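Worksheet for the structure shown next.
The values are calculated or read from the model by the stated rules, or taken from the named source; none is laboratory data. Computed from a predicted model, the values in this text were never measured in an experiment. Cβ sites come from the backbone with ideal geometry, for glycine too, and all protein chains shown count toward neighbours.
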Amino acid sequence: MVNSVSGARVSGNSNVITVRQRTIQDGRNGALIGAGIGAVGGFARKSWINNNEPTDTFVKKVSSGLEKSLKPEDKVEVDKINDFFSAVMEPTTDLSTLRPTIEDSKELTGALKLQENENPSQALDRIFDDANSENLKSTLKNMQDQTKIDKTVNLKASKALIQDNFDHTAGSLLKSESTSDATFKILKNAAKKIRVQTAVAHAIVGSVILGTIGLLVGATSNKSEESSTK
């Protein structure tokens, strides 16, 4: 007869462990295996492509990468532009207070549509003297497309860059002659980040699934083993 204390099988072997410990160990092993399989499978997937087209997430990461690659002084201008348009789109913003923001940015000032013989200051007088707030908001919103720096890092620019360096036949990135090594590296890094994120997500799912299976198998096999020794 085999004695039992708190589920443990007692013998002269100090390495004998309880059913609960064996079950947890099996579950942990399953989780580790599942995480590994999930991570490898997730990273191998071209998760930055959907239906043989770059995903919106990939486009946004490329845009972010392009923005980060700017010179410090240009990055300051992009920040000013982003803050300005966030304010324009905020319903509670008093649009009449945004003139100094435009004047403080060479990009926004350069985006003004000047009429004949008109300087930037006169253009701002005309724009902000418009009594129709909807006209003012529309004018300020349309300025974004006129900023030179924004055109180099926005989503449209990112999409154009991707399409210029994307082989639809192979479904992979292929550097074009017009793209510098530094810029192409931004594309590759953006794709890698998405693959890593996918790998992590798959690792978690794989860990949960095989970890759960490991617990169930461990519980079943170890209970059967305990029963057979009684």
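For the reader, a short list of remarks on this structure follows.
- Subset of the range 144-199 (residues that are in contact with a helix residue (DSSP H, G or I) (Cβ under 8 Å, 6 or more places away or on another chain) and assigned to a loop (DSSP other than H, G, I, E, B)): T147, N154, N165, K175, S176, S178, T179
- Subset of the range 52-98 (residues that are β-branched (V, I, T) and in contact with a helix residue (DSSP H, G or I) (Cβ under 9 Å, 6 or more places away or on another chain)): T55, T57, V59, V62, V78, I81, V88, T93, T97
- Scanning the range 161-175 for residues that are surrounded by 12 or more Cβ atoms within 10 Å (Cβ to Cβ) and at pLDDT 85 or above yields L161, I162, Q163, D164, N165, F166, L174, K175.
- Meets criteria (at positive phi, surrounded by fewer than 12 Cβ atoms within 10 Å (Cβ to Cβ) and not acidic (D, E)) for N117: yes
- Cβ-Cβ contacts under 9 Å between residues 6 or more apart (or on different chains), taken from a first residue in the range 125-142 that is at negative phi and modelled with pLDDT of 90 or more to a second residue that is basic (K, R) and in a helix (DSSP H, G or I), are listed as I127/R99; F128/R99.
- Odd one out for D145, checked against (1) free of Cβ contacts under 8 Å to residues at least 40 places away in the same chain; (2) closer than 24 Å to T55 by Cα; (3) surrounded by 16 or more Cβ atoms within 10 Å (Cβ to Cβ); (4) not hydroxyl-bearing (S, T, Y): (3)
- Test: residue in the range 202-219 that is within 23 Å of S69 (Cα to Cα) and modelled with pLDDT under 85: no
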